[in-house]
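A.B. asks: I'd like to ask some things about the structure below.
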Amino acid sequence: MKYSDCARRIGLALVLVSLAACVSQPPDHGAEQAQAALLARGLDTSLQQDQFAGELSRQQAVQAAVLNHPSVRAEYARLNIAAADVVRASELLNPRLSLSWLDVSGGSNELTLGLAQSLAAVMLRPARQRIAAADYELATLALADNLQELALATESAWYALVAAEQGLQVQARASDTALWADELGSRFAAAGNMAPLQRAELARSAAEARLELLDAERQRDQARARLEQQLALHHEDWSVPTTLPLPATDAPDPEQLVAQALDAHPALQTLAWERRRLLSVGDNARRESWLDEAEVGVEHERSGEERATGPELAFRLPLWHRNAGTRLALAAELELLEAREASLRGQLPRRLRLQLGELSRLREALEVRERLLLPALAAEVEARQDRVNFMLDGVFNLLGSKQSELRAWRDHVATLAEYWQQQVELADTAGRAATPAGEGLLDVSAVAPPESNSQAPEQQEQHHGRHH
Amino acid sequence: MKRRDFLVASGSVLPALAITRAMANSGHVHTNQGEPTAGRRDPQGYMPVQTPNGWTLPHRMVDGVKEFHLVAEEIEHEFAPGSRAKCWGYNGTSPGPTLEAVEGDKVRIFVTNRLPEHTSIHWHGLILPSGMDGVSGLTQPAIQPGDTFVYEFTLQQHGTHMYHPHADEMVQLAMGMMGMFIIHPRDGEPEHIDRDYAILLHNWAMHPGTSRPDPAVMVEFDLWTMNSKVFPAIDSLVAGSGERVRIRLGNLSMWNHPIHLHGVQFLVTGSDGGRWPREQWRSEVTEIIGVGQMRDIEFVGVPGDWAFHCHMAHHTMNPMGHEIPNTLGVNQDGVEEKIRTLLPRYMAMGEHGMGEHQDHTDSGHMTGPPNTLPMMMGEGQFGNIEMGGMFTVVKVRDGLAAGDFRDPGWYRHPEGEVARRVSADPDYGQPARRGKLAGPNSSDLPVPKRQGHQH
Ligand SMILES: [Cu+2]
């Protein structure tokens with residue numbers, strides 16, 4: 001019979017649709033994709049778990065943070081939520097089975113059997129799946145972004161701690177010069193050769209030097225606490241090197257950096273995916289206005305000996321409500337996205353150039369210090385020593401010159417530290433996940449040898465607890 | 001490190017060149033540099049003057065006039081090996097050559113200016129026509145660079161005199177422009193002179209590490225010179241035993257100098273005013289040569305090596321700082337070692353006095369600023385002399401030929417005539433001692449009570 005054939009086909013279709021709904025698996029490429037994105041941005045997160053004990057390199061510190069930081073677990077959980085949404089979007093509403101039994105006056109009865117499937121669920125599924133897929137991509141990008149933020153924050157903390165350690169090393173020796181001058185002052189006074197005024201001046205300088213040292217120690221402790229928080233290790237047995245890297249000799253080409261950023265900035269990628277998602281939402285909304293609550297089904301009716309089977313279709317007439325509000329909101333959101341992208345494309349080059357300018361100024365300052373200031377101060381110390389040798393100047397002049405030299409070295413360390421913090425900021429702006437490698441290390445051992453190497457045990461005892 | 005160790009260490013690490021230079025500085029290599037004069041009387045009857053480290057300007061007789069030619073010019077001058085400078089002088093030297101003539105001579109002096117600025121020459125102490133006095137602007141136009149002026153006058157006096165610029169004097173004197181002008185008496189000397197020396201005293205602001213005098217300095221000078229040299233580069237004044245020696249001293253520095261000669265009582269026989277009448281001669285061992293003044297002293301040579309120097313202690317030193325902390329009695333043990341961890345060349349000095357300093361500088365391991373002399377120098381046959389500046393030695397020897405101005409080396413003392421050690425025990429003998437002796441338990445300086453008036 002014609003009707004019966006028709007119903008069989010519809011039934012078959014319903015079964016197929018139901019089966020199709022069952023095969024959808026949660027996506028699991030997100031973590032890998034985030035890893036690949038980070039690799040493209042300069043950060044390799046594929047490394048295996050390490051001990052993370054002893055002296056941690058910058059890469060090790062970042063690795064430790066990426067593996068251990070509690071926020072990372074939350075990031076992965078968020079990705080799993082997005083994966084679950086993908087599954088949810090492919091799930092159909094279950095078919096509706098209806099059954100009715102009517103006793104008709106006269107002894108007969110009527111049985112109605114209906115099987116219906118929401119048409120909207122089927123017809124809207126691809127659009128919803130596209131939305132969920134876009135959400136998943138966005139979650140993947142967000143994961144990469146958050147890992148990147150974590151990595152850069154760790155780099156920043158690492159640079160800060162290395163700088164604080166090195167600054168402390170230099171400050172300790174700079175302070176020593178004033179402490180020794182004070183100690184000598186007491187010897188001069190004991191010999192009857194120093195008036196109270198100069199004695200007081202030396203004591204004042206020594207006290208100020210102690211305060212400077214305390215300050216450097218405090219900065220080191222704060223920097224250590226900050227990095228400790230990033231690393232989230234369960235032990236205290238870690239340290240960082242005490243020598244800052246020096247900038248690489250070749251600076252990045254600003255125009256190339258700007259072009260790269262405009263081409264592949266993560267924020268632009270995110271905007272692109274948000275746009276695709278919005279378009280899918282729009283698509284969905286358009287269909288929804290027709291298909292909301294639409295159903296197809298098959299009905300079988302038995303009345304006495306009569307049998308009747310036939311298809312059923314039900315939907316709302318889009319007379320008054322056509323999802324117009326939703327579509328207006330979507331258009332506005334698209335507009336908003338475009339505005340954000342335009343603003344980003346406009347701002348990025350400006351911010352990059354500003355930061356590159358700042359970086360090159362810092363490099364120049366480092367170069368002036370390294371090439372001119374520090375050699376001049378070294379020459380001053382040597383010339384001062386020559387003058388002391390020939391009784392033209394005294395030991396306090398010599399210690400004063402040495403202190404000036406060490407203070408300039410301390411400032412040099414501070415400028416270098418600022419340089420690397422600026423590199424972190426630049427990476428953040430440019431959408432890079434790591435700062436570039438340096439070339440060589442800032443060696444202060446010649447001008448400020450660590451005290452432990454050069455001191456008699458008795459003197460070490462005196463300095464015990466000052467620094468370590 | 002003890003001084004001994006340092007000397008040992010320095011010997012093993014110093015390059016030979018540095019040692020040689022240090023030895024030259026310290027006075028091991030020492031010969032007289034002054035151009036020797038004949039040692040016999042001039043036809044005009046006088047014994048020619050010997051200018052230690054210097055020379056006498058030859059003259060020409062032209063129509064009965066003695067003609068001299070001075071050239072004012074920039075020169076390279078050495079105060080002693082290890083200290084050279086661009087200075088200004090005459091005819092290649094500072095001091096300029098000594099001019100020598102006799103009372104009554106007519107002199108014509110050409111002056112060529114090869115300096116970068118104008119100059120003039122003032123004949124300090126001479127009686128002459130006002131227009132020949134050499135004060136630029138006042139008595140003559142200045143001699144412009146490249147120009148030659150002529151001064152011409154008759155010498156109406158005798159005595160020890162000087163010449164120097166009277167134009168931009170602050171700069172030109174500071175740069176070393178000066179010379180001696182000796183006029184012998186026409187009627188001969190009351191006492192026959194065998195050796196006649198001329199020495200010009202000066203001061204120089206040669207800041208350590210620089211190589212040009214600084215004309216702006218008025219008080220804090222670095223070098224104190226006799227004929228523009230410092231000890232140990234000043235010629236020894238040589239004489240034979242029993243010879244009558246005259247030393248003429250002129251002072252163009254900015255300080256007075258009490259000049260002291262060991263071993264004799266000398267007679268002051270003349271001054272700016274020429275040879276004094278014999279009854280005015282006076283016996284001294286130290287004579288102050290005031291700024292701008294001249295003095296002649298005379299004595300008979302007594303065999304030996306006799307120090308001859310200014311008695312201002314800082315004028316017998318080479319450069320040193322005057323505001324350095326006083327290290328005398330200061331124990332730097334412990335601190336010194338710490339300082340050396342940052343300043344490896346630092347060495348605490350002067351706890352027991354400065355006597356050790358010369359050893360460190362002579363040995364060369366304690367280097368000073370470039371082109372700068374250490375403050376104490378010179379080594380004699382018994383050890384370090386520890387002097388500088390206005391110090392030299394009068395060396396009187398038996399059997400010295402007239403006109404022999406060579407350095408005869410150190411005096412060979414007759415047996416038993418050198419002070420010697422009799423004990424190494426500080427408690428030796430029963431010397432009388434008074435007063436309060438300082439020691440480790442000496443009390444601190446008294447602190448005055450400051451409680452105000454008690455009514
Ligand atoms: Cu003097």
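A.B. asks: Antiparallel DSSP bridges in segment B:49-314: what percent, to the nearest 5?
C.D. replies: Once the DSSP bridges in segment B:49-314 are tallied, antiparallel ones form about 70 percent.
A.B. asks: For segment A:110-163, would you read off the P(r) tail past 14 Å as a percentage of all alpha carbon pairs?
C.D. replies: Above the 14 Å cut-off, segment A:110-163 has 73 percent of its Cα pairs.
A.B. asks: Okay, moving on. Hey, got the average number of other protein chain Cβ atoms within 10 angstrom for residues in B:360-372?
C.D. replies: Mean shielding by partner chains, rounded to a whole number: 3.
A.B. asks: Another one. Can you pull the one-decimal nm distance between simple spin-label points at residue A:207 and residue B:110, each 7 Å off the Cα toward Cβ?
C.D. replies: 7.5 nm
A.B. asks: Here's another thing I want to ask about it. Only Lys, Arg, Asp and Glu count, each charged at its Cβ (+1, +1, -1, -1), so figure out the dipole size of chain B about its Cα centre, rounded to 20 debye.
C.D. replies: 800 debye
A.B. asks: Whole percent per 5 Å bin, from 0 to the bin with the longest distance: what is P(r) over all C-alpha pairs of segment B:113-206?
C.D. replies: Pairs per bin, as whole percents: 2, 12, 20, 21, 17, 13, 8, 5, 2, 0.
A.B. asks: Rounded to the nearest 0.05, what FRET efficiency do residue B:147 and residue B:170 have when you use their Cβ-Cβ distance and R0 = 30 Å?
C.D. replies: In this case the efficiency is close to 0.85.
A.B. asks: Okay, moving on. Would you mind telling me the share, in percent, of accessible area of segment A:3-467 contributed by carbon and sulfur at probe 1.4 angstrom?
C.D. replies: Ligands and nucleic acids excluded, carbon and sulfur reach 54 percent.
A.B. asks: Relative contact order of segment B:49-314, please, whole-number percent, based on alpha carbon pairs below 8 angstrom and at least 6 residues apart.
C.D. replies: Relative contact order here is 18 percent.
A.B. asks: Right, here's the next one. Which value, in debye to the nearest 20, describes the size of the charge dipole of the protein assembly as shown about its Cα centre when Lys and Arg Cβ atoms bear +1, Asp and Glu Cβ atoms bear -1, and nothing else is charged?
C.D. replies: It works out to roughly 540 debye.
A.B. asks: Would you mind working out the accessible area per residue for segment B:49-314, using a 1.4 Å probe, and quoting it in Å²?
C.D. replies: On a per-residue basis, 35 Å².
A.B. asks: Hey, another quick one. Based on Cα coordinates alone, diagonalise the gyration tensor for chain A, multiply each eigenvalue by 5, take square roots, and list the semi-axes in whole Å, largest first.
C.D. replies: Ellipsoid semi-axes (Å, largest first): 77, 23, 17.
A.B. asks: Let me ask something additional. Modelled label-to-label distance, residue B:415 and residue B:345, 7 Å Cα→beta-carbon offset: nm?
C.D. replies: 5.1 nm
A.B. asks: Still on this structure, please answer the following. Can you return the aspartates and glutamates within cross-link range of residue B:395? Criterion is Cα-Cα under 17 Å, with same-chain partners fewer than 8 residues away left out.
C.D. replies: Answer for residue B:395, where 17 Å is the Cα cut-off: B:194, B:196, B:235, B:243, B:298, B:305, B:379, B:404, B:407, B:417, listed by chain and number.
A.B. asks: Compactness ratio of segment B:257-308: Cα Rg over 2.2 N^0.38 Å, N = residue count?
C.D. replies: 1.15
A.B. asks: Hey, what did segment A:3-467 get for relative contact order, percent, Cα under 8 Å, at least 6 apart?
C.D. replies: This gives 24 percent for segment A:3-467.
A.B. asks: For segment B:325-444, max minus min Cα coordinate along each principal axis, in Å, sorted largest first?
C.D. replies: Extents along the principal axes: 60, 50, 23 Å.
A.B. asks: When Cβ neighbours within 10 Å are restricted to other protein chains, what is their mean count per residue of peptide B:322-333?
C.D. replies: So the per-residue partner count for this stretch is 6.
A.B. asks: Mind checking which aspartates and glutamates have their Cα closer than 12 Å to the Cα of residue B:229? Skip sequence neighbours fewer than 8 apart in that chain.
C.D. replies: Within the straight-line limit of under 12 Å, residue B:229 reaches these aspartates and glutamates: B:78.
A.B. asks: Ratio to report: Rg/Rh of segment A:283-333, with Cα atoms as the point set and Rh obtained by the Kirkwood method; give two decimals.
C.D. replies: 1.31
A.B. asks: With a 1.4 Å probe on protein heavy atoms only, work out how much accessible surface A and B bury together, total over both chains, in Å² to the nearest 100.
C.D. replies: Summing both sides, the interface buries roughly 3100 Å².
A.B. asks: Find how many whole Å separate the alpha carbon centroid of segment B:324-396 from the alpha carbon centroid of segment B:161-196.
C.D. replies: Segment B:161-196 and segment B:324-396 have Cα centres separated by 37 Å.
A.B. asks: Which one, B:33, B:238, A:448, projects farthest toward the positive side of the charge dipole computed for the protein assembly as shown from Cβ point charges (K/R +1, D/E -1)?
C.D. replies: The residue sitting most towards the positive pole is A:448.
A.B. asks: Which whole-number percent is the relative contact order of chain B (Cα, under 8 Å, 6+ apart)?
C.D. replies: Relative contact order, chain B: 17 percent.
A.B. asks: Can I ask one more? For a quick check of understanding: with a 1.4 angstrom probe and all protein chains in place, what accessible area in square angstrom does residue A:71 have, to the nearest ten?
C.D. replies: Ignoring ligands and nucleic acids, residue A:71 comes out at about 40 Å².
A.B. asks: A further question follows. 222 nm [θ] for the protein assembly as shown, helices only, -39500 (n - 2.57) per DSSP H run of 4+, per residue, to 500?
C.D. replies: -13500 deg cm²/dmol
A.B. asks: Once the Cα atoms of helix A:374-389 and of chain A are each reduced to a long axis, what angle between those two axes, in degrees from 0 to 90 to the nearest 10, is obtained?
C.D. replies: With rounding to tens, the tilt is 20 degrees.
A.B. asks: Which Rg and Dmax, in Å, describe the Cα atoms of segment B:49-314?
C.D. replies: 18.0, 52
A.B. asks: Using a simple spin-label model with points 7 Å from Cα along the Cα→Cβ vector, what separation in nm is obtained for residue A:340 and residue A:93?
C.D. replies: If labels sit at residue A:340 and residue A:93, their model points lie 3.2 nm apart.
A.B. asks: Something else: Across segment A:405-416, in residue order, what do the Karplus-derived ³J(HN,Hα) couplings come to in whole Hz, using 6.51 cos²θ - 1.76 cosθ + 1.60 with θ = phi - 60° and x for Gly and Pro?
C.D. replies: 4, 5, 5, 5, 5, 4, 5, 4, 4, 5, 5, 5
A.B. asks: Antiparallel versus total DSSP beta bridges in the protein assembly as shown: what percent is that, nearest 5?
C.D. replies: 75 percent
A.B. asks: Arrange the residues B:147, B:407 by how much accessible surface each exposes, largest first, with a 1.4 angstrom probe.
C.D. replies: B:147, B:407
A.B. asks: Kindly state, to the nearest 0.05, the FRET efficiency for residue B:63 paired with residue B:407, given R0 = 41 Å and r defined as their beta-carbon distance.
C.D. replies: The calculated FRET efficiency here is 0.50.
A.B. asks: What size of dipole, in debye to the nearest 20, comes out for segment A:3-467 about its Cα centre when the only charges are +1 on Lys and Arg C-beta atoms and -1 on Asp and Glu C-beta atoms?
C.D. replies: 840 debye
A.B. asks: Compute the distance from the alpha-carbon center of segment B:77-114 to that of segment B:224-241, in whole Å.
C.D. replies: Spelled out, the Cα-based centre of one part sits 17 Å from the other.
A.B. asks: Can you tell me the Rg and the Dmax, both Å, for the Cα atoms in the protein assembly as shown?
C.D. replies: 50.2, 186
A.B. asks: For segment B:322-333, take each phi angle, set θ = phi - 60°, evaluate the Karplus expression 6.51 cos²θ - 1.76 cosθ + 1.60, and give the result in whole Hz per residue in order, putting x for glycine and proline.
C.D. replies: Those phi angles translate into 9, 10, 7, x, 7, 8, 5, x, 8, 8, 9, 3 Hz.
A.B. asks: With the cut-off at 1.5 for a/c, could you classify segment A:398-455 from its C-alpha gyration tensor as rounded, prolate or oblate?
C.D. replies: prolate
A.B. asks: Considering the dipole of the protein assembly as shown built from charges on the beta carbon (Lys and Arg +1, Asp and Glu -1) around the Cα centre, which of A:161, A:38, A:314 is farthest to its positive end?
C.D. replies: Value: A:314.
A.B. asks: Quick check of the Kirkwood formula: for segment B:94-167, what is the inverse mean of 1/r over all pairs of different Cα atoms, in Å?
C.D. replies: 12.8 Å
A.B. asks: Between rounded, prolate and oblate, where does chain B land on the alpha carbon gyration tensor, with a ≥ b ≥ c its root eigenvalues, rounded for a/c under 1.5, else prolate if a/b exceeds b/c?
C.D. replies: Taking the square roots of the gyration eigenvalues as a ≥ b ≥ c, chain B is prolate.
A.B. asks: Now, a different point. Which residues' amide hydrogens lie under 5 Å from the amide hydrogen of residue A:240, considering only partners 5 or more residues apart or on another chain, with H built in the peptide plane?
C.D. replies: A:56
A.B. asks: Averaged over its residues, how many other protein chain Cβ atoms are within 10 Å of peptide A:184-190's Cβ atoms?
C.D. replies: Shielding by partners across A:184-190 averages 5.
The values are calculated or read from the model by the stated rules, or taken from the named source; none is laboratory data. All values derive from a computational prediction rather than experimental measurement. Because the Cβ atoms are built from the backbone with ideal geometry, glycine has one as well, and the counts that use them run over all protein chains shown. Please note that ligands, DNA and RNA were not included when accessible areas were found on the heavy atoms of the full protein model with its side chains. Shrake-Rupley method; radii C 1.70, N 1.55, O 1.52, S 1.80 Å.
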